[in-house]
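The values are calculated or read from the model by the stated rules, or taken from the named source; none is laboratory data. Keep in mind that what you see is a predicted model, and the values were worked out from it rather than measured. Here the Cβ positions follow ideal geometry from the backbone for every residue, glycine too, while neighbour counts run over all protein chains shown. Calculation scope for accessible area: heavy atoms of the full protein, side chains included, ligands and nucleic acids excluded. Shrake-Rupley method; radii C 1.70, N 1.55, O 1.52, S 1.80 Å.
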Amino acid sequence: MRIRRLEVFTARLPLEPGFSHFTGRVTALEEVFVRLTADDGQVGWGEVRGNMSYFSGESPAGIVAALRDYLAPLVVGRPLRERGGAIAQFDRALAGNAAAKAALDIALHDLAARAAGVPLYRWLGGRRAGRLAGSECLFYGPADEAATQAQAYVAQGFRILKVRVGLEPFALDVARVRAVREAVGNEISLAVDANQAWTVKQAIGRIHALERYRLDCVEQPVAARDLTGMAEVARAVETPLMADESLYSLEDAMTLVRLGAVGYFHVKLVKAGGLHRARQLIALAEAARLDYVLGQMNEGMLATAAAAHLALASTPKYTELYGTDGIVADPTPGHVYLSGALVVPEGPGLGVVPDERRLEPAFERTA
Amino acid sequence: MKITAVEVYRKDLPLETPFQHFASGSVRALEEVYVRLLTDEGPSGHGEARGNSHYLTGDTPDRVVAEILQHLGPRLVGRDPRDWHALLADLDGTVVGAHGARSALDMALHDLVGRLHGVPVFELLGGAVREALPSNQSIFYGPPDAAARQAAAYVADGFRYLKVRAGLRPFQRDVDRIRAVREAIGPDVSLAIDLNMAWTAREAVAHLRQLEPFDLAYVEQPVHYRDLAGLRHVTQHTDIPIMADESVQSLDDVLVLARDRVVDLLHLKLIKLGGIAGLWRAAAVAETGGLELMIGQTNEGGLATAAAAHCALAVKARYLELYGSEGLVEDPASGFALRHGVATITEGPGLGVTLDVARLKPVGTVTGEATG
């Protein structure tokens with residue numbers, strides 16, 4: 001079975017109401033899709049978020065170019081059985097560009113599982129049984145709105161919430177975290193995510209100030225590349241840190257372990273470069289006895305489904321897969337959260353396919 | 001879909017020529033334990049572990065059998081084999097140090113799942129990262145001229161990777177053998193040495209300086225397996241890559257060896273890491289730490305060797321050591337072959353191995369679920 005064709009599509013998914021990030025407002029997800037077609041007609045799909053310049057420097061046009069110029073030649077015309085070798089070559093062919101690699105890796109996994117006729121979570125050894133907790137996020141906004149939203153999530157069944165912090169003055173953060181904790185009570189797990197907003201000194205002081213609200217975790221307090229800064233903060237505070245923007249490559253992960261910098265990995269396919277690399281990060285987390293969370297960017301249902309399948313075949317502390325929240329019309333139908341817990345589509349591979357008519361063709365390469 | 005029974009079998013596989021291991025004395029036969037997982041929908045899965053591995057893992061045949069029948073087997077009966085991630089997690093920690101038993105069951109579970117999905121096991125592990133499986137061969141202890149003849153014969157047969165067992169006293173005997181082998185095989189064949197812990201760290205640094213002219217690809221386990229400080233010292237004081245073998249007994253060991261940069265390479269074996277899933281995880285951790293790998297095995301039958309070969313196809317490794325089922329008088333498993341230095345597997349579903357169960361001795365069956 002050979003991979004005969006690779007097609008890349010883009011799609012703009014408007015968000016209602018959109019969300020604020022510390023760099024600005026995001027009103028639409030600009031997604032990149034990959035479709036692989038084997039010589040027997042089987043297809044495999046992948047999707048990643050494209051407009052992530054504020055997060056990783058990646059863009060839809062850049063992802064399309066990386067796929068067209070570097071990654072597509074490694075898989076088109078190749079037997080599907082050699083996909084491990086192709087994925088191993090990704091990093092030699094092209095540094096960085098984890099999102100483009102993730103889109104193709106997801107499509108390869110979808111194709112392999114579809115060809116075997118089994119759902120991807122089964123292909124990876126997972127199961128549907130049991131309840132895997134999901135989490136929700138409170139984006140920037142006034143304290144009373146955050147409290148109301150938090151109560152709404154708890155009413156829906158969520159037991160794990162994360163508050164975005166990093167506002168100036170810091171009193172705004174304190175007010176929001178306090179309001180949320182008071183609104184949901186002590187039984188709900190609460191974390192904060194600073195998205196690199198603080199210096200090391202600020203992080204230590206501010207985390208100390210927030211610890212009275214019983215935080216289970218502080219995500220990415222300092223700059224992504226400041227791994228020693230993460231370690232310095234970790235030594236100074238009681239609450240475990242979670243690495244998000246600091247954790248892309250396998251080398252990042254081992255460096256964080258060597259430094260004793262974090263208690264949690266935030267594993268995302270789009271950062272790791274796909275399911276294979278994400279599973280390697282998970283192996284390290286397990287070996288080092290760190291907790292890990294399986295998350296994602298805000299992105300469409302197909303990308304979300306890929307992460308959800310992996311979650312059923314691993315043991316994350318919880319998932320953070322609310323990425324389809326607020327998408328007005330997703331070309332891929334379905335959802336993965338139900339009453340605060342994870343569900344995944346049944347059916348071979350990812351169990352979902354996008355409506356091709358809603359996608360904009362970017363290029364194709366045929367063997 | 002449920003596992004209905006775990007059958008356990010024994011068989012001794014006599015060796016054409018007994019081998020000497022520094023710690024075990026003469027080994028005349030591989031005392032193998034086989035398992036078969038039966039399901040309510042027909043397909044079954046097979047696994048194998050070397051029983052007389054007392055000098056490697058502490059296992060004995062009776063111990064492996066007892067661990068499967070009493071503790072590990074009951075955890076699998078009644079369960080859906082397709083949930084293998086959770087099943088294998090349940091086996092972890094059930095019995096401390098149950099290397100062979102866990103490896104045999106993990107192997108059988110992968111074989112079964114591959115058959116259920118209709119794919120070879122290497123496909124479950126992510127697909128092939130290489131096209132061929134070139135194995136090394138080992139030159140055991142003996143005089144220099146005999147070592148040179150043996151090495152030349154392996155090269156003539158097609159082997160491109162050789163490993164000489166070293167650690168004789170006085171050290172000049174090693175030097176003479178290594179020089180004789182290097183001269184016999186020329187500069188283009190990869191040559192390594194395996195000390196099986198024979199040296200102290202101080203000896204290793206001095207001896208390896210003397211061995212630099214022989215262009216060694218790596219030096220395996222120069223010092224005692226527990227002496228990680230010594231191992232790290234050797235790694236830091238020689239240009240020759242250092243490989244850990246006996247120091248790798250678990251995923252925890254792999255983490256420490258990679259995290260603390262103790263060595264340059266790891267020798268991963270199914271029986272040390274509790275099976276295929278454990279080996280995959282160990283390889284992942286090694287890669288995060290920038291360590292290279294050898295995927296190998298202890299001497300064992302063709303079923304276990306095929307399982308190692310599936311791992312070798314799917315996991316990025318610099319070196320392979322897949323000659324473990326060579327020299328057996330008989331083997332109830334067929335499907336794996338090593339010819340002219342290259343290993344091959346049958347690409348059928350699962351491990352692609354046919355096991356003649358009629359030639360095995362049944363020693364017990366688990367049909368009841370774990371009670372607590």
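Could you name the lysines whose alpha carbon sits less than 29 Å from that of A:K162, not counting residues in the same chain fewer than 8 places away?
A:K101, A:K201, A:K268, A:K271, A:K317
Helix A:250-259 versus the longest principal axis of chain A: what angle, 0 to 90°, nearest 10, using Cα atoms?
Helix A:250-259 sits at roughly 30 degrees to that axis.
Could you check what % of the DSSP bridge pairs in the protein assembly as shown are antiparallel, to the nearest 5?
Among the beta bridges of the protein assembly as shown, antiparallel pairing accounts for roughly 60 percent.
If DNA, RNA and ligands are ignored and the probe is 1.4 Å, what is the ranking of A:V328, B:V363 by accessible area, most exposed first?
A:V328, B:V363
Give me the distance between the Cα centres of the range A:320-339 and the range A:195-246, rounded to whole Å.
30 Å
Given A:T304, A:L104, A:Y213, which one lies farthest toward the positive end of the charge dipole of the protein assembly as shown, if we put +1 on the Cβ of every Lys and Arg and -1 on the Cβ of every Asp and Glu?
Most positive-ward Cα: A:Y213.
Pull up the DSSP beta bridges for chain A and report the antiparallel fraction as a percent, rounded to 5.
In chain A, approximately 55 percent of DSSP beta bridges are antiparallel ones.
What do you get for the angle between helix A:98-116 and the principal long axis of chain A? Use alpha-carbon atoms, 0 to 90 degrees, nearest ten.
Here the helix axis deviates by roughly 60 degrees.
Considering only C-alpha atoms, what is the centroid distance from the range A:59-130 to the range B:1-79, in Å?
Comparing the Cα centres of the range A:59-130 and the range B:1-79, I get a distance of 37 Å.
If packing is taken as the average count of other Cβ atoms within 10 Å, what order do B:236-243, B:121-128 fall into, highest mean first?
B:121-128, B:236-243
Could I get the Rg over Rh figure for chain B? Both from C-alpha atoms, Rh via Kirkwood, rounded to two places.
Working: Rg = 20.2 Å, Rh = 20.8 Å.
For chain B, the value is 0.97.
Counting protein heavy atoms only and a 1.4 angstrom probe, how many square angstrom of accessible surface do chains A and B bury in total, to the nearest 100?
Its buried surface, counting both partners, is about 2900 Å².
Heavy-atom accessible area per residue, the protein assembly as shown, 1.4 Å probe: how many Å²? Present the calculation step by step, with values, prior to reporting the outcome.
Working: 26040 Å² over 739 residues.
Roughly 35 Å² per residue, with all protein chains present.
In what order, largest first, do A:H309, B:H71 sit by accessible area if the probe radius is 1.4 Å?
Largest accessible area first, the list is B:H71, A:H309.
Which far-off residues, 5 or more places away or on another chain, put their amide H under 5 Å from the one on A:A133, with H placed in the peptide plane?
For A:A133, the qualifying residues are A:T319.
Between the helical axis of A:301-312 and the dominant principal axis of chain A, each derived from Cα atoms, what acute angle in degrees is found, rounded to the nearest 10?
The angle comes out at about 80 degrees.
Rounded, prolate or oblate: which one fits the range A:155-244, using the alpha carbon gyration tensor with axes a ≥ b ≥ c (rounded when a/c is under 1.5, else prolate when a/b beats b/c, else oblate)?
prolate
What is the dipole size for the protein assembly as shown, taken about its Cα centre, with +1 at each Lys and Arg Cβ and -1 at each Asp and Glu Cβ, in debye to the nearest 20?
With Lys and Arg at +1 and Asp and Glu at -1, about 240 debye.
Along the charge dipole of the protein assembly as shown, which of B:A98, A:F55, B:P18 sits closest to the positive end, that is, farthest toward it, with unit charges on the beta carbon of Lys, Arg, Asp and Glu (+1, +1, -1, -1)?
The residue sitting most towards the positive pole is B:P18.
Using only atoms on other chains, find how many Cβ atoms lie within 10 Å of each Cβ of peptide B:275-283 and report the average.
2
With contacts defined as alpha carbon pairs under 8 Å and 6 or more residues apart, what's the relative contact order of the range A:204-320 in percent?
Working: 170 pairs, mean separation 22.8, N = 117.
Rounded, it is 20 percent for the range A:204-320.
For peptide B:69-82, how many partner chain Cβ atoms fall within 10 Å of a residue's Cβ, on average?
Across B:69-82, the average partner-chain Cβ count within 10 Å equals 1.
Checking the a/c ratio against 1.5 first, then a/b against b/c, what shape does the Cα gyration tensor give for the protein assembly as shown?
Values: a/c = 1.82, a/b = 1.62, b/c = 1.12.
Prolate, since a/c reaches 1.5 and a/b exceeds b/c.
For chain B, what does -39500 (n - 2.57) per DSSP helix run (n ≥ 4), summed and divided by total residues, give at 222 nm, in deg cm²/dmol to the nearest 500?
Rounded to the nearest 500, the figure is -10000 deg cm²/dmol.
Considering the options A:V154, A:I327, B:A66, tell which one lies farthest towards the positive end of the dipole of the protein assembly as shown, charges being +1 on Lys and Arg and -1 on Asp and Glu at the Cβ, about the Cα centre.
B:A66
Just want to confirm a number: the relative contact order over chain A, from Cα pairs under 8 angstrom separated by 6+ residues, in percent.
Numbers: 822 pairs, mean separation 80.5, N = 367.
Relative contact order here is 22 percent.
Roughly how crowded by other chains is peptide A:116-123, in terms of the mean Cβ count from those chains within 10 Å of each of its Cβ atoms?
Averaged over the peptide's residues, the number is 4.
Please build a GNM for chain A, connecting alpha carbons under 10 Å apart, and tell me which residue among A:L111, A:L281, A:L167 fluctuates the most.
Judging by the Gaussian network model, the answer is A:L167.
Relative to the Cα centre, what is the charge dipole magnitude of chain B, using +1 at the beta carbon of each Lys and Arg, -1 at the beta carbon of each Asp and Glu, and rounding to the nearest 20 debye?
With Lys and Arg at +1 and Asp and Glu at -1, about 420 debye.
Placing +1 at every Lys and Arg Cβ and -1 at every Asp and Glu Cβ, with all other atoms neutral, what dipole size does the range A:122-342 have around its Cα centre, in debye to the nearest 20? Intermediate results must be reported in sequence, preceding the final value.
Working: 23 positive and 24 negative charges, 129 e Å.
For the range A:122-342, the charge dipole is close to 620 debye.
What Kirkwood radius, in Å to one decimal, follows from the Cα pairs of the range A:122-342?
One decimal place: 17.6 Å for the Kirkwood radius.
Sequence-distant or interchain residues sharing an amide H contact under 5 Å with B:K2, placed H: which?
Under 5 Å from the amide H of B:K2: B:D40, B:E41.
Taking 4 °C and 1.567 mPa s as the conditions, I'd like the Stokes-Einstein D for the range A:17-101 in µm²/s, using the Kirkwood hydrodynamic radius from alpha carbon pairs. All intermediate terms of the calculation are to be shown ahead of the outcome.
Working: Rh = 14.3 Å.
For the chosen part, D equals 90 µm²/s.
Suppose accessible area is computed on protein heavy atoms with a 1.4 Å probe; arrange B:Y225, B:Y154 from highest to lowest.
Reading off the accessible areas and sorting them downward yields B:Y225, B:Y154.
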